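Quick notes on the structure that follows.
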Amino acid sequence: MRQREGWPDVAKGVCIVLVVLWHVVTKHAIDVQGAGPVTDSWATLNAQLLPLRMPLFFLISGMFAGRAVTAPSGGSWRMRAGRLALVYVVWVLIQTAMLALTPDFDTARAEDAGELLAQLTFSPTNLWYLLALAVYLAVARFTRHVPTAVLLPAAFVVSAVAASGVLPDLGNLWQVLQNLFFFLAGLRLRELVERFAATTGLLRAFMLGAAYIAAAAAVGVLGMRQWPGVWPLLSVLAVAFGVAACVLLDQRVEAVARPLRWIGRRTLPIYVIHMIPLALLDGALRSTGIRTVPLIEAVEPLVLTAVVIAICLGVHALLMRLGLSILFDPLLPLTRARERARALTSGSREVQH
C-alpha cells in the first residue's frame, strides 16, 4: 500500500491556522482599544499571506479530488459535492443563530430571510470555501474531457478577472471564481506537483521564499494588486513556495510538522466552527474595557488563534460524542443506509450460493 505523503497534511494544517489567524487579526485585534503599530504589523503580515493561504488550500483539495471527478458513474462527485453544499447550509444557519448573540462582532450575518437566501446561494459567507469546493467538483466533472492545455489557461483568465475588482461585490463570490484555477491545477497537475515536492530542497525553498517576499512587496508598493494577471501569478509563486516549505517542514522539523499534520486532518470542524468562539471571545474581551499594550498586541493573535482552534476541536469532539456527526456529514444517514443495503445484498447472495 502506498504510504500517505505527510506534506499535504502539513500544508492543510498551515492553511487552516492562517485562516483562523486572519480572522483573529481582521475581526478582533485591529478594533481593540489601544491597538497600534504592532497590530498594524500583524495586519500587514496577514495581507501578504493572502496569495498563499487559500490558493494552497485549494491546490491540495484538487490533488485529492481526482478519483471522485473521474469515477465512471458520477455518483462519487455528486455525493462529495452534495455533502459539502449541505455542510455549508447547516453551518451558515448555525452561525447565523449564534452570531445574533454578538451583534458588535464585525462579520457578515443575515438580518432577514432575503439576506439568508443570498448567503446560501450567490453571496457566500466566510464559509465560502465549502461552497466553492462543491462548485469546483461540478466544474471539474463537466470539463473532465477538456484538455488541460485549454482548461487551465481559461481558469487562469477567470481568476485574473475575479482578482481585478471588476465584478460586483457579492460577498465572497469573487473568491470562489478567483481560486478555481488552483483547484483545477491540483487536479490536473497532481503528478507534476508531486515531482516538484519530491525534488525540493533547502535552496529551492529559500529562493522561492525570497522571490515571493520580493514580488509581494513590489505588488504592494506599486499598487499592482488589481492589475490583470498579477494576483494569480503572485499566487502561483506563493503556492510553489508553500509546497516547498511544507515539504521541508515535513521532512526536517518533526516537532512542528507532527501537530500541523494532526491539525491538517481535522480542518473541517475548525473551519466551520471557528468564527463562533472567536465572536464570543471578542465580546468577552471587549467587555473588560482593558486597553491593549504592545506586548499583548504582539502575542494575543497567536494565543487567541491557538485557543480558538482548541475550542473548535473540543466542540467537535463533544458533538461527535453526542451523536451529532450529521452536522459535519449531513449525508451520513444515506451513506449508512447504502452500506446496510449492500450488506443485505451480499448476505443474500452468499445464502443463494
- Message: List the residue pairs whose Cβ atoms are under 6 Å apart, where the first residue sits in region 135-147 and is not assigned by TED's automatic domain parsing to the domain that holds residue 121, the second is surrounded by fewer than 19 Cβ atoms within 10 Å (Cβ to Cβ), and the two are 6 or more positions apart or on different chains.
- Response: none
- Looking at 242, 283, 229, which one is surrounded by 14 or more Cβ atoms within 10 Å (Cβ to Cβ), out of contact with any helix residue (DSSP H, G or I) (no Cβ under 6 Å at 6 or more places or on another chain) and not acidic (Asp, Glu)? 283
- Item | Hits in region 75-105 - residues which are basic (Lys, Arg) and not in a helix (DSSP H, G or I) | none
- Query: Would you pick out the residues in region 144-175 that are assigned to a loop (DSSP other than H, G, I, E, B) and within 23 Å of the chain's Cα centre (by Cα)?
  - Reply: 164, 165, 167, 168, 169, 170, 171, 172
- Of the residues that sit in region 56-81 and are over 16 Å from residue 183 (Cβ atoms) and either of a type in the set (A, V, I, L, M, F, W, C) or in contact (Cβ under 8 Å) with a residue 60 or more places away in the chain (or both), which one is surrounded by the most Cβ atoms within 10 Å (Cβ to Cβ)? 79
- Message: Among the residues that make up region 299-316, is at least one of them part of a loop (DSSP other than H, G, I, E, B) and free of Cβ contacts under 8 Å to residues at least 60 places away in the same chain?
- Response: no
- Task: State all residues of region 319-334 that are aromatic (Phe, Trp, Tyr) and either more than 16 Å from residue 270 (Cβ to Cβ) or without any contact (Cβ under 8 Å) to a residue 24 or more places away in the chain (or both); if no residue qualifies, say none.
- Result: none
- Item | Residue ranges of helices (runs of 4 or more DSSP H) in region 1-74 with at least 2 members at pLDDT 95 or above | 7-27, 50-63
- Item | Cβ-Cβ under 9 Å pairs, at least 6 apart or on other chains, region 195-217 side in the same structural domain as residue 245 (by TED's automatic domain parsing), far side loosely packed, with under 14 Cβ neighbours inside 10 Å and part of a helix (DSSP H, G or I) | 202/252
- Task: For region 181-204, state whether one or more residues are among the polar types (S, T, N, Q), surrounded by fewer than 17 Cβ atoms within 10 Å (Cβ to Cβ) and in a helix (DSSP H, G or I).
- Result: no
- Query: Would region 17-39 turn up any residue that is more than 16 Å from residue 308 (Cβ to Cβ), under 17 Å from the mean Cα position of the chain (by Cα) and crowded, with 21+ Cβ neighbours inside 10 Å?
  - Reply: no
- Task: Filter region 216-260 for residues that are over 24 Å from residue 12 (Cβ atoms) and among the aliphatic types (A, V, I, L, M) and give the result.
- Result: 217, 218, 219, 221, 222, 224, 230
- Query: How do the pairs read when you match residues in region 89-115 that are under 22 Å from residue 268 (Cβ atoms) with residues anywhere that are modelled with pLDDT under 90 and aliphatic (A, V, I, L, M), using Cβ under 6 Å and keeping only pairs 6 or more apart or on different chains?
  - Reply: 96/110
- Do the conditions hold for residue 172, that is, is it surrounded by 15 or more Cβ atoms within 10 Å (Cβ to Cβ), farther than 23 Å from residue 146 by Cα, out of contact with any strand residue (DSSP E or B) (no Cβ under 8 Å at 6 or more places or on another chain) and of a type outside the set (A, V, I, L, M, F, W, C)? yes
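The values are calculated or read from the model by the stated rules, or taken from the named source; none is laboratory data. Values in this document were obtained by computation on a predicted structure and should not be read as measured data. Please note: Cβ atoms are built from the backbone with ideal geometry, for glycine as well, and neighbour counts cover all protein chains shown.
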